[in-house]
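Structure first, commentary second.
The values are calculated or read from the model by the stated rules, or taken from the named source; none is laboratory data. This one's a predicted model, so the numbers in the text were calculated from it and none came from an experiment. Glycine also receives a Cβ, built like all others from the backbone with ideal geometry; neighbour counts cover every protein chain displayed. Keep in mind that these areas ignore ligands, DNA and RNA; they rest on the heavy atoms of the full protein, side chains included. Shrake-Rupley method; radii C 1.70, N 1.55, O 1.52, S 1.80 Å.
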Amino acid sequence: MRTYRYFLLLFWVGQPYPTFSTPLSKRTSGFPAKKRSLELSGNSKNELNRSKRSWMWNQFFLLEEYTGSDYQYVGKLHSDQDRGDGSLKYILSGDGAGDLFIINENTGDIQATKRLDREEKPVYILRAQAINRRTGRPVEPESEFIIKIHDINDNEPIFTKDVYTATVPEMSDVGTFVVQVTATDADDPTYGNSAKVVYSILQGQPYFSVESETGIIKTALLNMDRENREQYQVVIQAKDMGGQMGGLSGTTTVNITLTDVNDNPPRFPQSTYQFKTPESSPPGTPIGRIKASDADMGENAEIEYSITEGEGLDMFDVVTDQETQEGVITVKKLLDFEKKKVYTLKVEASNPHVEPRFLYLGPFKDAATVRIMVEDVDEPPVFSKLAYILQIREDAQINTTIGSVTAQDPDAARNPVKYSVDRHTDMDRIFNIDSGNGSVFTSKLLDRETLLWHNITVIATEINNPKQSSRVPLYIKVLDVNDNAPEFAEFYETFVCEKAKADQLIQTLRAIDKDDPYSGHQFSFSLAPEATSGSNFTIQDNKDNTAGILTRKNGYNRHEMSTYLLPVVISDNDYPVQSSTGTVTVRVCACDHHGNMQSCHAEALVHPTGLSTGALIAILLCIVTLLVTVVLFAALRRQRKKEPLIISKEDIRDNIVSYNDEGGGEEDTQAFDIGTLRNPEAIEDSKLRRDIVPEALFLPRRTPAARDNTDVRDFINQRLKENDADPTAPPYDSLATYAYEGTGSLGPPL
């Protein structure tokens, strides 16, 4: 008969945390089809026996965060083969086995050694087995079971941010969205209400509210004004357990700022402003600043200023300083204290950016009155014109009045004015002016052809205050007078062919005139009276300021007359009539049959020798050149012979002087005696030389032995040392001359 074994799992539940087991419908392979029993011991003493083989107890719950001092009891593992004799050994494996979960291998009791946290690990999968201690073989198949950690409310809600920052426009309607806050709870959202979070507001009422389920913060008060209060701090609480008592909670801070809208118009702090400006202020000069205040900020506080009405609409202007938002009043046109002393303006300040929904609050602009008083200034004289143009004939005599200028003091005092000419503009002092009445007159003669326009400057100065002066340009045009005679446009030199026919045109004449008559130039041409009779040529006036020279006969002979000088009279048609005489040179030339000039000179005479004059001149030039060459060559040779050996007394370096005198060698003691240099007194004029045969023999005269002159030796040695030590001495051999007289002189005293 076969023996079937049964494996019994007994799980005990300790106090105060019960352990639950739930049956799972599962078929386990490897077990015989026989009644098996499972015992579960707890608070209930009932024993549960099941005969159905498909039931297996394999899921258990264990409470997290156990706070007892002993190990937390999980359950008991027991096999029906265990007779209590210690022959079986229980083994536990899987998640946390041996560390987090331990089993008593003899009794099968399972315990948790540490506090369990569902948020760290919610499920543990373990395997249990009973083996024979002696053989080590399992007596039961391995059985798997699950321990789920039962959640408790041990985590408070945590917001995603510690501090929230939000903005909302001021004057917003109630219920305007501000920001949404979010809190999370680490507890099990599927078990009870541990993770069910509810939001509430702890600080910030009655200005804001929060939706309990979504965490959306909204405005709760109407017409919140940024100008009254800009910053709000709201504290939001998130509480689990659905907000019930005993639930855990967390808080966060929300900083809310009201942003600006244009709900405030500009306002002037005062209704009237008063400024002063001197009448000499040029256009663009700032007079003063006005400023309207606006409680808004940014572009909502931008202000535009304008002059809407008043007496000085075209005399003044106002612009906005973008940095300070001030209105700067400036001069638009030149002021005159004598004409108007006070101006009254109305200046308006307005917002360029207006929100239509706030128009019910009133017009977004304000106005103020500005009074501007013009101060009197001692002004310089003012000329009646900005510039003067005068005219005068160029034949005007000296001291002729051209015209006058007028200036007067614009001030009420009407100080007298004197006039003068700026001599920097009239360096030649051609013009002058009467200092009292401003009459301009000439001081030199004029010439239009030299200078047509004269540009000078007239100065008007107050007599009582010379510092006050003004200037005006004076343009003087010199009018033309017919004072220049016409003349040829160029120098005319023409030719006539020997075979020319009568009335043949040989040259066209043109004239110019420096004058500039109003009706234009009209010149007339004619032969001079002295050349009219017997002339070989005639002048034909073309009546268009040109004239032609015509031949008067047929044929000309250059050997008889090679050149004709033709005087031509040129006259203008202006008053007074001016005329001049110009000479036209006409040469008689040989021409081809087309009238082209070939030669205008008489043929050269031929000498009996057959050589022409040109050939003789060429031969003569060659002879002269040859003679000059010979003379120069001889002079150079002569100069070379007379060239001295040493050109300069100072230039004695590297020069070799040849005397054609051969010395006697080292043994020659008679050729030169160094003692002569050492002792001038030891000079022996009669000493004979061996290398030269004496012309006459005579007995030498005995002289006493020369004594050593230490003065000369010391002098030479000292100079030699100085010369050797001199860094500026030349590197080549040089001759140094020392004038040393010695201890005495044999000559007579001077």
Would you mind checking the pairs Lys418/Lys514; Lys444/Lys543; Lys340/Lys385 and listing those with alpha carbons more than 30 angstrom apart? Lys418/Lys514; Lys444/Lys543
By how many nm would the segment from Asn536 to Lys148 lengthen if fully extended, with 0.36 nm per residue of separation less the alpha-carbon distance? 124.4 nm
Volume per residue (Å³) of the convex hull spanned by the alpha carbons of segment 302-430 is 188
Toy charge model, Lys and Arg Cβ at +1, Asp and Glu Cβ at -1: segment 382-479 dipole around Cα centroid in debye, rounded to 20, equals 140
Across segment 430-531, how large is the tail of the calculated P(r) beyond 15 Å, expressed as a percent of all Cα pairs? 77
Once Rh is set to the Kirkwood radius over Cα pairs, what Stokes-Einstein translational diffusion coefficient, in µm²/s, holds for segment 136-233 at a temperature of 25 °C and a viscosity of 0.890 mPa s? 143
Applying the gyration tensor rule to the Cα atoms of segment 59-150 (axes a ≥ b ≥ c; rounded if a/c under 1.5, else prolate if a/b exceeds b/c, else oblate), the class is prolate
Roughly how many percent of the accessible protein surface of segment 59-150 is carbon and sulfur, given a 1.4 Å probe and a whole-percent answer? 43
Would you report the distance distribution of C-alpha pairs in segment 272-368 as whole percents per 5 angstrom bin, up to the bin with the largest distance? 2, 12, 22, 22, 15, 11, 7, 4, 2, 1, 0
Report Rg (one decimal) and Dmax (nearest whole number) for segment 409-463, counting Cα atoms only, units Å. 13.8, 47
Listed here are the pairs Lys276/Lys339; Lys161/Lys239; Lys339/Lys365; Lys114/Lys148; Lys341/Lys365; Lys333/Lys477; which of them are more than 26 Å apart at the Cα? Lys339/Lys365; Lys341/Lys365; Lys333/Lys477
Segment 467-511 residues near the modelled Ser599 label - backbone nitrogen below 16 Å, point 7 Å along Cα→Cβ: 497-499
Rg/Rh for segment 382-479, where both radii come from Cα atoms and Rh is the Kirkwood radius: 1.00
Taking r as the C-beta separation of Leu63 and Thr184 and R0 as 25 Å, the FRET efficiency to the nearest 0.05 is 0.60
Normalized C-alpha radius of gyration of segment 487-599, against 2.2 N^0.38 Å? 1.15
If you roll a 1.4 angstrom probe over the protein chains with everything in place, what fraction of the accessible area of segment 405-492 belongs to carbon and sulfur, to the nearest %? 49
Pairwise Cα inverse-distance average, inverted: Kirkwood Rh of segment 188-266 (Å): 14.3
